[in-house]
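Working notes for the structure below.
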Amino acid sequence: MTQEFSAILIEWQKRHGRRDLPWQKSSDPYAIWVSEIMLQQTQVAAVIPYYLRFLERFPDLAALAHAREDEVLRAWSGLGYYTRARNLRRAAQLVVEQHCGAFPRALEDIAALPGIGRSTAAAIAAFAYGTRAAILDGNVKRVFSRFFGIEGHPGEKGVENRMWEKAESLLPESEIGCYTQALMDLGAGLCSRRNPDCAKCPLNSGCIARLSGRVHELPQPAPKKALPLRKTTFLVLAREGRLLFERRPEKGVWAGLLCFPEADPSEFSESEKLFAFVHTFTHFRLEIEAVLVETGKHREGIWLSMEEALASPIPNPVRKILDRIRQPFP
């Protein structure tokens, strides 16, 4: 079954895989690169509208390289993980500076660009150039862990190294793009984390996890660590139908994005608590309390209407607050 692994997936992809996604209609490495970066940590359905708007705004690598950072962040606003957008823009600039504006073909040159690791570089090269290179994203790790019965958490270096060796050994001699897409589709669809559809999986007859009744045990999760909880107060300062924003520092959480001021609401005589919620980051949780303050005083900062704010580069928690209060601010 192992020897037939790639052949089975290629045949399955031709019959049942996704073939009508927007980025699959192009062999342009720029368009493929943008899609692969957007798909990092984001579901396909959420990416599609952002992808189409992004390419309309920045149709080629040169347009992205010469764009201002706030333009790129505005186009990315709502998609989250904004470092991806900054890395895209910086990588485009490096391609202009180091590769005369032509997206590189060599795998090592692609992987050297900001925001592109080994697996993403392989996916771009496979789809754009037909390069025979192995991918190993989170979905593929899950497929390998279940099919081959690989013990341990895939994030552990030793386990990951075993998976890379397996990924390299399974590469087909041809149709690398089809095979790569098949791995992605299988991991994102049938071999999902919580509700795998083993009955429809083309690899089910040889899957060790299925045969041993361990589908929901593999891959093994990472040891749980309690995330520290931090707290902050967002002041939603309103004046004549406009809201006050401040630009975050260039380093740190939500770097360069527009955000509500963080301050002590007690400095204002009249304020209204809106609601509180918790936003989870990779390394900590942030409890945010939103407080509405109607003020007649002018305060230095960026005053925006609701419409302007929603079209600006803002983090998701700010968007969540705006969605909650947008009725009073048409």
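Taken residue by residue, segment 145-165 has no member that is open to solvent by 30 Å² or more (accessible area, probe 1.4 Å), under 19 Å from C201 (Cβ atoms), in a helix (DSSP H, G or I) and not hydrophobic (A, V, I, L, M, F, W, C). Do we find a residue being of a type outside the set (F, W, Y), touching a residue at least 24 places away in the same chain (Cβ under 8 Å), touching a Gly at 6+ places or on another chain (Cβ under 9 Å) and open to solvent by 10 Å² or more (accessible area, probe 1.4 Å) anywhere in segment 96-106? No; the residues of segment 96-106 include none that is of a type outside the set (F, W, Y), touching a residue at least 24 places away in the same chain (Cβ under 8 Å), touching a Gly at 6+ places or on another chain (Cβ under 9 Å) and open to solvent by 10 Å² or more (accessible area, probe 1.4 Å). Look at segment 78-93: where a residue is closer than 23 Å to L322 by Cα and a partner is open to solvent by less than 20 Å² (accessible area, probe 1.4 Å) and part of a helix (DSSP H, G or I), sitting 6+ places away or on another chain with Cβ atoms under 7 Å, you get L79/M38; Y82/L73; Y82/W76; A85/V72; A85/L73; A85/W76. Within segment 188-208, the set of residues being open to solvent by less than 50 Å² (accessible area, probe 1.4 Å) and within 16 Å of E11 (Cα to Cα) comprises L190, C201, P202, L203, N204.
Given the structure, is A67 farther than 26 Å from L183 by Cβ and either in a helix (DSSP H, G or I) or open to solvent by less than 20 Å² (accessible area, probe 1.4 Å) (or both)?
In short, yes.
The residues in segment 209-243 that are farther than 30 Å from F275 by Cα and either in a loop (DSSP other than H, G, I, E, B) or open to solvent by 20 Å² or more (accessible area, probe 1.4 Å) (or both) can be counted, and the count is 14.
Per-residue answers, yes or no, for (1) under 22 Å from A92 (Cβ atoms); (2) modelled with pLDDT of 95 or more; (3) open to solvent by less than 70 Å² (accessible area, probe 1.4 Å):
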| site | (1), (2), (3) |
| --- | --- |
| Q3 | no, no, no |
| R19 | no, no, no |
| P29 | yes, yes, yes |
| M38 | yes, yes, yes |
| V47 | yes, yes, yes |
| F54 | yes, yes, yes |
| R57 | yes, yes, no |
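Working carefully through the options E272, E246, find the one that is at pLDDT 95 or above, among the charged types (D, E, K, R) and either touching a Phe, Trp or Tyr at 6+ places or on another chain (Cβ under 8 Å) or surrounded by fewer than 16 Cβ atoms within 10 Å (Cβ to Cβ) (or both). Criteria check complete, one pass: E246.
The residues of segment 20-41 that are of a type in the set (D, E, K, R) and in contact (Cβ under 8 Å) with a residue 24 or more places away in the chain, listed by number, are D28, E36. Among the residues of segment 20-52, those that are part of a helix (DSSP H, G or I) and under 18 Å from R86 (Cβ atoms) comprise Y30, W33, V34, S35, E36, I37, M38, V47, Y50, Y51. Within segment 128-137, one or more residues are under 14 Å from I37 (Cβ atoms) and acidic (D, E).
Every residue, every condition in (1) out of contact with any Pro (no Cβ under 7 Å at 6 or more places or on another chain); (2) within 11 Å of V236 (Cβ to Cβ); (3) at pLDDT 95 or above, yes or no:
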| residue | (1), (2), (3) |
| --- | --- |
| P265 | yes, yes, no |
| K297 | yes, no, no |
| L304 | yes, no, yes |
| D323 | yes, no, no |
| Q327 | yes, no, no |
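Each residue in segment 199-254 was checked for being closer than 30 Å to R285 by Cβ, of a type outside the set (A, V, I, L, M, F, W, C) and in contact (Cβ under 8 Å) with a residue 40 or more places away in the chain, and 11 of them qualify.
The values are calculated or read from the model by the stated rules, or taken from the named source; none is laboratory data. Quantities reported herein were computed from a predicted structural model and do not represent experimental measurements. Positions of Cβ are backbone-derived with ideal geometry, glycine not excepted, and every protein chain shown enters the neighbour counts. Side chains are part of the model used for accessible areas, which takes the heavy atoms of the whole protein and leaves out ligands, DNA and RNA. Shrake-Rupley method; radii C 1.70, N 1.55, O 1.52, S 1.80 Å.
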